[in-house]
Every structure is written in structure tokens, then in C-alpha cells.
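Report on the following structure.
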Amino acid sequence: SSTRMQGDIAFLADDSLAGRGLGTPQLERAADYIAEQFRSAGLRPGGDNEQTYFQTWQDTLEGRPEPVTLKNVIAILPGSDPDRAGESLVIGAHYDHLGRGERGAHAGDEGRIHPGADDNASGVAVMLELARVLADKPSARTIVFVAFSGEENGRLGSRYYVQHSGAYPAENIIAMINLDTVGRLGERPLTVFGSGTAREWVHIFRGAGYVSGVPIRDVADDFGSSDQTSFIEAGVPAVQLFSGVHPDYHRPGDTADKIDLPGVLKTAKVLKQAVDYLAERPQALHATLDGQQQASSAAVSGTARRVSLGTVPDYAYDGDGVRITGVQADTPAALAGLRAEDI
């Protein structure tokens, strides 16, 4: 239902939540909202001791004298096959954003609300909708839905989950699908980052795209850009669904009115096809991960970008050089004369 997803995005990206900054009461409200959606759908709590939807811990952050309390919001749809007890398929999306630009804001945007409608209210909305749709149709394998906190501060939530996944440990996770920035698809293909982490990913999403009628663009590399990387570092085949870059990324202009709802619905349909297959597939995926891949992902984790050239990269381009799809105004790239489609 695009109407339900629109409601989720509108709530999470509303100015009353002030950009869902880490350690703020507004982020707590977002967590409560997500937990209530899981509860209303009838999913089982998957947080601390499986008595609550919240997995809570404290972390020390750069520039903050006191530890900050973080919460992942976790719900479980138990599998029906006793032979696969302990196995899980993880569907994730981060619900935090930049708040008022205290960390990671572009110059001139400090102090302004960053709504984060695309990044990543859109991903949370798709995840919640899948949970609602699947709640009455248990599959063979357990599906774990996780709304991660702290992604914008170095993937804190997904890193913590991988290390504290309780009854569904990382070594028994068959796969992970991450939804991050899926709200502005338009007529573009849906990008799948990290499709090289298992032999089957390309075929799974080719089939999902065929059935749903949505063009798919597979990118073998994982760029270490979101929570799927935490799972890849742990040896779990993982991908990110991504609708594409735009000039409002990490800016106050990432508002709910700019979300492409038909595109969000397309993403949800692709996701459901992939999850339906993975939840019933008898055997594990054939992972193609090795130590070098995991090390390269880990090398970029937890770092904060301090400067920006202003180019919008074409992540799917695999030719010589780097192709760009656009240039942000008033940046070094714009001043230098770079333009869309330059290589």
C-alpha cells in the first residue's frame, strides 16, 4: 500500500521529529512509532531478551562527553520449519538521520532541520510495509526486521546487531537486504549494491525484476556506504537497494513532498519477490566473500566525510574513470566546470 508507506514517510520526515538526530527525544519518538507498527502487524518482539522491540545499549561518540543511548527496533516473524531453527533472513533499514546538521551537514546547512525523507524514512517505510504484508503468512525460514540506529555515525546499530543477534547469530543469517535511500526512483532502474557477495544475488533480483516489471541494475561492489557492510564484514551475503543519488542528499531539501511514491511501491514489490524466495530457499547462498573484501569494507567504516567535491557519482558505471550524473551548485566541482555525464 503506497498510502501506508506515504504515512510512514510523512511521520518520520515531519519537522516535529527535527531530523531524527542521534541521542534526541525525536529519535526516541521515531523508535516508538516503528515499534508500534511492528506490534500492530502482529510481529514478535526481537529486542532485549525478546521481551521488547528495543535492543538498547550505550556508546561513546566523538565530541560528546557523555555516552549516548541507542536503540535498534527489532521484530521477528518466526519460521515454520523446525529444521531451520536459528536461521534467519534479515531485512533492515536505518531510521536515524542528521537532526539539525550537528554532524555531517554541508557548509551553510548547520542548525537547519534535515528531514531525511529519502534517507531513510523511505527505507523504513518499505520495511514496515513488507512486515505488514508478510505477518499473516509465515514462511519456512525466520525473517528478522531491524530498524537500525546510528547509521549516520558509522553504522553503530548494524555493527552492534551483528555482534549481539541473540537467538539468530550472524553465522546463521542466510542473507541480509538493506533498504537505504529508496524514495526517488523515477524511471531509473533500481540499483542493487553488493550483488557480488553471493553467486545467486544477480539471478534473484533478475527474477524479482522480471516478475515485478521493475528494471534492475546490479552493482557487484559494496561501497561500504550503509548497514549491509556490517553484515558483509561478518561474512553474510548482503545487498543494499538504492533508488539513486540527488542534490538533496544530506541536505534540508530531502523532504517528504519529493518522494516518488510509485517508485517506492516498485521497490517494495521487488523486495517482496526476493524475500519470498529467500525465506523458502532450502540451502544457504553461495557467498563469494573473502578476507580482502571484508577488510576493504572495514577500512572505510566509521569515518566521517569532512569535505565534498560536489559531484554526484554514477555508481553503476563500470568503465574507465568515474562518470558523474550531476553536480551540486556552489561546490568546487561546479566552479571547475564539471557537468552531468562527464567522465
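Starting from the stretch 19-47, take each residue that is under 30 Å from G86 (Cβ atoms) and list its partners that are small (G, A, S) and surrounded by fewer than 19 Cβ atoms within 10 Å (Cβ to Cβ), counting only C-beta distances under 8 angstrom and pairs at least six apart or across chains.
If the second residue must be small (G, A, S) and surrounded by fewer than 19 Cβ atoms within 10 Å (Cβ to Cβ), the pairs left are A41/A135; G42/A135; L43/A135; G46/G166.
Provide a single number: the residues in the stretch 208-232 that are assigned to a loop (DSSP other than H, G, I, E, B), in contact with a Phe, Trp or Tyr (Cβ under 6 Å, 6 or more places away or on another chain) and open to solvent by less than 20 Å² (accessible area, probe 1.4 Å). Before you say what the answer is, go through the steps one by one.
First, the residues of the stretch 208-232 that are assigned to a loop (DSSP other than H, G, I, E, B): 213-215, 220-227.
If we keep only those that are in contact with a Phe, Trp or Tyr (Cβ under 6 Å, 6 or more places away or on another chain) as well, we get 222, 227.
Now drop any that are not open to solvent by less than 20 Å² (accessible area, probe 1.4 Å), which leaves 227.
Number of matching residues: 1.
Could you tell me which of the residues L134, L156, L190, L179 is aliphatic (A, V, I, L, M), under 16 Å from the mean Cα position of the chain (by Cα) and over 30 Å from R64 (Cβ atoms)? If you could, list the steps in order and put the result at the bottom.
Values: L134 fails: under 16 Å from the mean Cα position of the chain (by Cα); L156 fails: over 30 Å from R64 (Cβ atoms); L179 fails: over 30 Å from R64 (Cβ atoms).
On inspection, the qualifying residue turns out to be L190.
For the stretch 245-264, name all the residues that are under 17 Å from G310 (Cβ atoms) and either open to solvent by 40 Å² or more (accessible area, probe 1.4 Å) or among the aliphatic types (A, V, I, L, M) (or both).
V245, P247, Y249, R251
Could you check the stretch 312-327 and list, in sequence order, the residues that are under 22 Å from the mean Cα position of the chain (by Cα) and either modelled with pLDDT of 80 or more or open to solvent by 70 Å² or more (accessible area, probe 1.4 Å) (or both)?
Scanning the stretch 312-327 gives a single hit, Y315.
Can you tell me which residue among G108, G104, G123, G116 is open to solvent by less than 10 Å² (accessible area, probe 1.4 Å) and at positive phi?
Values: G108 fails: open to solvent by less than 10 Å² (accessible area, probe 1.4 Å); G104 fails: open to solvent by less than 10 Å² (accessible area, probe 1.4 Å); G123 fails: at positive phi.
Sole residue among the options that is open to solvent by less than 10 Å² (accessible area, probe 1.4 Å) and at positive phi: G116.
Name every residue in the stretch 92-104 that is under 17 Å from L17 (Cα atoms) and either in a loop (DSSP other than H, G, I, E, B) or of a type in the set (S, T, N, Q) (or both), in order of residue number. Before you say what the answer is, go through the steps one by one.
In the first step, residues of the stretch 92-104 are kept if they are under 17 Å from L17 (Cα atoms); the result is 94-103.
Answer for the stretch 92-104, where residues must be under 17 Å from L17 (Cα atoms) and either in a loop (DSSP other than H, G, I, E, B) or of a type in the set (S, T, N, Q) (or both): Y95, D96, H97, L98, G99, R100, G101, E102, R103.
Go through the stretch 36-48 and count every residue that is surrounded by fewer than 21 Cβ atoms within 10 Å (Cβ to Cβ) and either of a type in the set (A, V, I, L, M) or more than 23 Å from L89 (Cα to Cα) (or both).
1
Which residue out of E171, E152 is touching a Leu at 6+ places or on another chain (Cβ under 7 Å) and part of a helix (DSSP H, G or I)? Even if it seems obvious, please write down each step before you answer.
Numbers: E171 fails: touching a Leu at 6+ places or on another chain (Cβ under 7 Å).
Exactly one of E171, E152 is touching a Leu at 6+ places or on another chain (Cβ under 7 Å) and part of a helix (DSSP H, G or I), namely E152.
For the stretch 74-90, state whether one or more residues are modelled with pLDDT of 95 or more, assigned to a strand (DSSP E or B) and under 20 Å from P25 (Cβ atoms).
No, the stretch 74-90 contains no residue that is modelled with pLDDT of 95 or more, assigned to a strand (DSSP E or B) and under 20 Å from P25 (Cβ atoms).
Tell me which of these N153 doesn't satisfy, since it passes every other one: (1) modelled with pLDDT under 95; (2) over 19 Å from A30 (Cα atoms); (3) not charged (D, E, K, R).
(2)
Among the residues that make up the stretch 193-203, is at least one of them more than 18 Å from E151 (Cα to Cα), open to solvent by 10 Å² or more (accessible area, probe 1.4 Å), without any contact (Cβ under 8 Å) to a residue 12 or more places away in the chain and not in a loop (DSSP other than H, G, I, E, B)?
Yes, there is a match, as at least one residue in the stretch 193-203 is more than 18 Å from E151 (Cα to Cα), open to solvent by 10 Å² or more (accessible area, probe 1.4 Å), without any contact (Cβ under 8 Å) to a residue 12 or more places away in the chain and not in a loop (DSSP other than H, G, I, E, B).
On the given criteria, is V68 under 15 Å from R20 (Cα atoms) and surrounded by fewer than 24 Cβ atoms within 10 Å (Cβ to Cβ)?
Details: under 15 Å from R20 (Cα atoms): yes; surrounded by fewer than 24 Cβ atoms within 10 Å (Cβ to Cβ): yes.
So V68 fits the description; yes.
Looking only at residues that are of a type in the set (D, E, K, R) and either on the phi > 0 side of the Ramachandran plot or in contact (Cβ under 8 Å) with a residue 24 or more places away in the chain (or both) in the stretch 172-190, which one is least open to solvent (accessible area, probe 1.4 Å)? Steps first, please.
Taking the stretch 172-190 as the starting set, the residues that turn out to be of a type in the set (D, E, K, R) are 180, 184, 187-188.
When the remaining residues are screened for being either on the phi > 0 side of the Ramachandran plot or in contact (Cβ under 8 Å) with a residue 24 or more places away in the chain (or both), the result is 180, 184, 188.
Details: D180: 7, R184: 39, R188: 93 Å².
Among those that are of a type in the set (D, E, K, R) and either on the phi > 0 side of the Ramachandran plot or in contact (Cβ under 8 Å) with a residue 24 or more places away in the chain (or both), it is D180.
Please give the number of the condition G19 fails out of (1) surrounded by 19 or more Cβ atoms within 10 Å (Cβ to Cβ); (2) closer than 20 Å to F145 by Cβ.
Exception for G19: condition (2).
The values are calculated or read from the model by the stated rules, or taken from the named source; none is laboratory data. Computed from a predicted structure; not experimentally measured. Positions of Cβ are generated from backbone atoms using ideal geometry, with glycine treated the same way; all protein chains shown enter the neighbour counts. Ligands, DNA and RNA are stripped out before the accessible areas are found, and what is left, the full protein with its side chains, is counted by its heavy atoms. Shrake-Rupley method; radii C 1.70, N 1.55, O 1.52, S 1.80 Å.
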